[in-house]
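The values are calculated or read from the model by the stated rules, or taken from the named source; none is laboratory data. Everything quoted here is computed from the prediction, not taken from an experiment. Every residue, glycine among them, receives a Cβ derived from its backbone with ideal geometry; neighbour counts consider all protein chains shown. Protein only, heavy atoms only, side chains kept; ligands, DNA and RNA dropped before computing areas. Shrake-Rupley method; radii C 1.70, N 1.55, O 1.52, S 1.80 Å.
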Amino acid sequence: MTATTALRVEHNHILAMIACLRAACAAARSNGRFDAETFRAGVDFIRSYADAWHHAKEENHLFPALEAEGMPRHAGPIAVMLQEHVQGRSYVRRIADHLEAAGGGDTEARSIVLNYTMAYADLMTGHIQKENGILFNMADQVLPPQVQVRLEQIYQTAIPEGANTETGAHYEALVAALCERWNIDPREAASAGAAFHCG
């Protein structure tokens, strides 16, 4: 498996979580059912898996490797991806800051949680489309095979700063459980986000 393939596979899990969060938002808006547990799980997953694990692999390893091959960091695709990582984090902070009040029935807090959850979902779906469809294809063209192999090996062993002690498998199982709870087909969720399908 190449480094970019590994990241595409992780995108599928992120898209499945996004589908679950969209379903939770739809339920809250249609029948008033605010499932705080799903939103708490979503924040934990985003911060621990999508950001501290997945985005860290891109920011600390893939992007520097692309820079070494001549791709600029402060312009073009890398700059856009970094800016969207920052924007996504700001959305998640807003969700987390209002989640306790939302779970307690505060209608204004619920509105904030729902709005920023949907904003995050839209941002990251587009973000993943750009990475899968543009940036990773560029990486496959410019990165020598030995660099791809080295990156994929790093991905298997690196524990990014800020990551908690749970494993990637833990969060992938969490997504699977939420997909079952919300009747989400993970493959359909990945397809809807134009993600890479493995297997």
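Just the number, please: carbon plus sulfur as a percent of the accessible area of segment 98-191, 1.4 Å probe, no ligands or DNA/RNA counted.
Values: 2630 of 5170 Å².
The value for segment 98-191 is 51 percent carbon and sulfur by accessible area.
How large is the accessible surface per residue of the chain, computed with a 1.4 Å probe and reported in Å² as a whole number?
Details: 9420 Å² over 199 residues.
Accessible area per residue, the chain: 47 Å².
Just how far, in whole angstrom, is segment 97-121 from segment 1-69 if you go by their alpha carbon centroids?
Segment 1-69 and segment 97-121 have Cα centres spaced 18 Å from each other.
With helices defined as uninterrupted DSSP H runs, which ones in the chain have an alpha carbon span along their own long axis of at least 24 Å and mean Kyte-Doolittle hydropathy of at least -1.0?
Values: long enough: 3-31 (42 Å, 0.52); 76-103 (40 Å, -0.14); 107-130 (35 Å, -0.06).
Both cut-offs are met by 3-31, 76-103, 107-130.
Taking the Cα centre of segment 63-160 as origin and charging only Cβ (+1 Lys, Arg; -1 Asp, Glu), how large is the dipole, in debye to the nearest 20?
Details: 7 positive and 11 negative charges, 20 e Å.
Dipole about the Cα centre, nearest 20: 100 debye.
Percent of accessible area on segment 32-75 owned by carbon and sulfur, 1.4 Å probe?
Values: 840 of 1780 Å².
Looking at segment 32-75 in its full context, I get 47 percent from C and S.
Can you tell me which of Gln83, Gln148, Gln129 moves the most in a GNM of the chain? Springs connect C-alpha atoms under 10 Å apart.
In the Gaussian network model the winner is Gln83.
What FRET efficiency, computed as 1/(1 + (r/R0)^6) with R0 = 35 Å and r the Cβ-Cβ distance, is obtained for Arg33 and Val80, rounded to the nearest 0.05? The partial results should precede the final answer.
On the way: r = 36 Å, r/R0 = 1.03.
Once the sixth-power term is evaluated, E becomes 0.45.
Which label belongs to the value computed from this structure, given these candidates for Cα extents along the principal axes in Å: (i) 53, 35, 31; (ii) 49, 39, 34; (iii) 94, 27, 25?
(i)
Computed from the mean reciprocal separation of all distinct C-alpha pairs, what Kirkwood hydrodynamic radius does segment 1-78 have, in Å? Spell out each step's value before the answer.
Values: mean 1/r = 0.0692 Å⁻¹.
That comes to 14.5 Å for segment 1-78.
Would you work out the charge dipole size for the chain about its Cα centre, treating the Cβ of every Lys and Arg as +1 and the Cβ of every Asp and Glu as -1, and quote it to the nearest 20 debye? Please list the in-between numbers first.
Values: 16 positive and 24 negative charges, 57 e Å.
Roughly 280 debye for the chain.
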